[in-house]
Amino acid sequence: MQDLDSQLLKAINDLRKSNISEWEAKKAVILELFDKGASIPQYTLDNLETYLSDLEQEYWDDRAVYAGRSIKNSDEYELFNILSRLNAAKSKKKSLDGLFKIAKSKGVTHTPKNKAELVKLVKDKNIYLGDIDISNITNFKNLFKKSKRRDFSGIEIWDVSKVTDMSSMFEGCENFNGDLSKWNISNVTKYI
């Protein structure tokens, strides 16, 4: 049983780090492991919870060093959240589908007035990028830098014709694989 549990934890981690095109296949592997009797070991949840508690205390104790940091932005917090929700779920499939869902248009257009507002919008994984009107923004520097976002659907329809700076736009963004071939980047002067 322990081997199945280890396989399950590995499969969940693989899903967390995969592109959305691989999600359905990876979810199927996880569900199959649950069907075979795999479970999330309680000691794994306990260890993660202890680690996060210690990290939160460290952030609090050294506020000057860790200014603005939150455990909610850590990989461990994301993993703990996924494992806890899966562990408590009656329907593992529904839980997986809820945790790993692709954002879809809600028919509401978000029009940020400045780059700071745009950054806030693109950080929200529940916002479909195609619902963001970026026509007021000319500076995309570091826009998705080190982003943990996995779903970039809708970005391909952005009208970037007024953008002049795209330097380091996707730097450290491991999950980006969008097709930007139709973007009009004729006004971009900074790429690096």
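Look at region 109-122: where a residue is over 15 Å from Val160 (Cα atoms) and assigned by TED's automatic domain parsing to the domain that holds Ser147 and a partner is among the hydrophobic types (A, V, I, L, M, F, W, C) and in a loop (DSSP other than H, G, I, E, B), sitting 6+ places away or on another chain with Cβ atoms under 6 Å, you get Leu121/Ile127. Only one of the listed residues (Ser161, Ser181, Ser167) is more than 21 Å from the chain's Cα centre (by Cα) and within 30 Å of Leu15 (Cβ to Cβ). That residue is Ser181.
Flag not set for Asn136, criterion: under 30 Å from Trp158 (Cβ atoms) and not assigned by TED's automatic domain parsing to the domain that holds Asn175. For the residues Asn136, Asn142, Asn126, the requirement of being surrounded by fewer than 13 Cβ atoms within 10 Å (Cβ to Cβ) and among the polar types (S, T, N, Q) singles out Asn126. Among the residues of region 59-82, the ones that are part of a helix (DSSP H, G or I) and in contact with a Phe, Trp or Tyr (Cβ under 7 Å, 6 or more places away or on another chain) come to 3 in all.
The values are calculated or read from the model by the stated rules, or taken from the named source; none is laboratory data. Computed from a predicted model, the values in this text were never measured in an experiment. With ideal geometry, Cβ positions are generated from the backbone for all residues, glycine too; neighbour counts draw on all protein chains shown.
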